[in-house]
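Inspection log for the structure reproduced underneath, given as structure tokens.
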Amino acid sequence: MIVKVQEKDFIAEDEIQKLKNNCMETPGAINSFIGYVRNFSNNKKLTSLTIEHYAGMTEKMLLEISAKASQKWPLLGTLIIHRYGKLNIGDQIVLAASASLHRNAAFESTQFIMDYLKTQAPFWKSEEINNQNKWVLSRKEDEQALKKWGD
Amino acid sequence: MIVKVQEKDFIAEDEIQKLKNNCMETPGAINSFIGYVRNFSNNKKLTSLTIEHYAGMTEKMLLEISAKASQKWPLLGTLIIHRYGKLNIGDQIVLAASASLHRNAAFESTQFIMDYLKTQAPFWKSEEINNQNKWVLSRKEDEQALKKWGD
Amino acid sequence: MRILYFSWLKEKIGLNSQEIIKPKNVETVDDLITFLTEKSEKHKNAFSDLNSIKVSVNQEFADLKTKINEKDEIAFFPPVTGG
Amino acid sequence: MRILYFSWLKEKIGLNSQEIIKPKNVETVDDLITFLTEKSEKHKNAFSDLNSIKVSVNQEFADLKTKINEKDEIAFFPPVTGG
């Protein structure tokens, strides 16, 4: 279980290679998700995105989510990297990945990690639109997405 | 829709960057799946894997699958790269990825593409075990995996 | 006890964090909010809609009834929006 | 018509592909299999279990009843195992 919360950018290729190399056995499947800063928010053009987080609790929650995923699926490894600070349009925000022998576990667990991260990891986004910063509101869809895991 | 069937290896980072750059709008989400050559098959140690394919039909089927995914989800782009020829343990076999505004479409469509690729794209694997090559048998689980898409 | 604020709660209150000595009658998160809002208009304003606020005690999600102690780290923040 | 074989069908038959002139009485995939297996032991052996064989006509999945013509490309192969 690799968890990193950092201001700097990451190279997904290198991080996934590390995840793969850390597996006890050659994984047959790695699923990975990258979230990027979009250029529009509710039809308004964004200039930048700033992410605040609760240092300490963030890492703790991301490790808890990774552990939950590893209990639920037969995984060979998991990876979460989440950035904070000021980001530009198109920048990478988050990378989540799971390694497993068969593809289904990798697909489902990565989606599970993202669904829980969205509602449990203490990050807050602020969008810059027309030179004004506005805190992003949480989405009901994100709460509802958890239901599919039946926990 | 990018589809490549090739003998040579690929760099997932570069291919995903191209997928992202080809999107009409900055994608908020890219999900990607990489399949690797495992070192065991039914508890027997593998030496290598050789993949044969039906040149022409392969590309056609992969484009059809990509088109089906794009009809089913609001995607900004899809990518499938599948290798053929002789591969070693841990080598990359396949990369499938989808770009979308929100994460759910990217997750589901990539899984859809892999499920259909597994049962519809004309590739055949031959495993080298104890200096003997043996054709891999298709798995019932792969046929059953299609049911979740209700097509 | 250490109290942390994030996102718009931090901005409304004008503080990242504050250290207070736990008053005797403060036993739960709910009591702490009552204590803070009685002393400060900014807190009263920030805590006006409790439905829009989440709380953690020692970096675990908590609720209004959660018991708190002198050495606890309590954080107030809106629903998270990362990922 | 052009006939292609893949995977263990190719090995059992000993051919990647073959060109034949469509016999008059061959109208469907099923007819073609009958024609091929009557002429060759290797084909008969390879086609002994039709449940384990898939067919495509002009690079589209087909079945035993699919009609075929002189200019078609017909391929026989086991269930696919890529990915």
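The values are calculated or read from the model by the stated rules, or taken from the named source; none is laboratory data. Since the structure is predicted, the reported quantities are computational estimates derived from the model, not experimental observations. All Cβ positions, glycine included, derive from the backbone under ideal geometry; neighbour counts span all protein chains shown.
Worth a mention:
- In segment B:96-104 there is at least one residue matching the filter, namely being among the basic types (Lys, Arg) and assigned to a helix (DSSP H, G or I).
- Only one entry in A:Thr50, A:Thr110 is β-branched (Val, Ile, Thr) and closer than 23 Å to D:Gly83 by Cβ, namely A:Thr110.
- Verdict on C:Ile33 being more than 19 Å from A:Leu137 (Cβ to Cβ) and touching a strand residue (DSSP E or B) at 6+ places or on another chain (Cβ under 9 Å): yes
- Cross-chain or 6+ apart pairs with Cβ under 9 Å, segment B:68-80 first and in contact (Cβ under 8 Å) with a residue 12 or more places away in the chain, then assigned to a helix (DSSP H, G or I) and basic (Lys, Arg): B:Leu76/B:Lys20; B:Gly77/B:Lys20; B:Leu79/B:Lys18
- The residues on offer are C:Ile13, C:Ile74, and the sole one that is closer than 25 Å to A:Ile65 by Cβ, at pLDDT 95 or above and of a type outside the set (Asp, Glu) is C:Ile74.
- In segment A:114-135, the residues that are in contact (Cβ under 8 Å) with a residue 60 or more places away in the chain and either surrounded by fewer than 19 Cβ atoms within 10 Å (Cβ to Cβ) or more than 7 Å from every other protein chain (Cβ to nearest Cβ) (or both): A:Ser126, A:Glu127, A:Glu128, A:Ile129, A:Asn130, A:Asn131, A:Asn133
- Among helices (runs of 4 or more DSSP H) entirely within chain C, having at least 3 residues that are within 14 Å of chain A (Cβ to nearest Cβ) and not basic (Lys, Arg) singles out C:7-13.
- Residues in segment D:26-83 that are of a type in the set (S, T, N, Q) and over 25 Å from B:Leu62 (Cβ atoms): 8 in all.
- Criterion: at the interface with another protein chain (Cβ under 7 Å from one of its Cβ atoms) and in contact (Cβ under 8 Å) with a residue 12 or more places away in the chain - qualifying residue of A:Asn88, A:Asn22, A:Asn31: A:Asn31
- Sole residue being part of a strand (DSSP E or B), within 15 Å of the chain's Cα centre (by Cα), away from chain A (no Cβ under 14 Å) and not polar (S, T, N, Q), chosen from B:Glu64, B:Glu52, B:Glu59: B:Glu52
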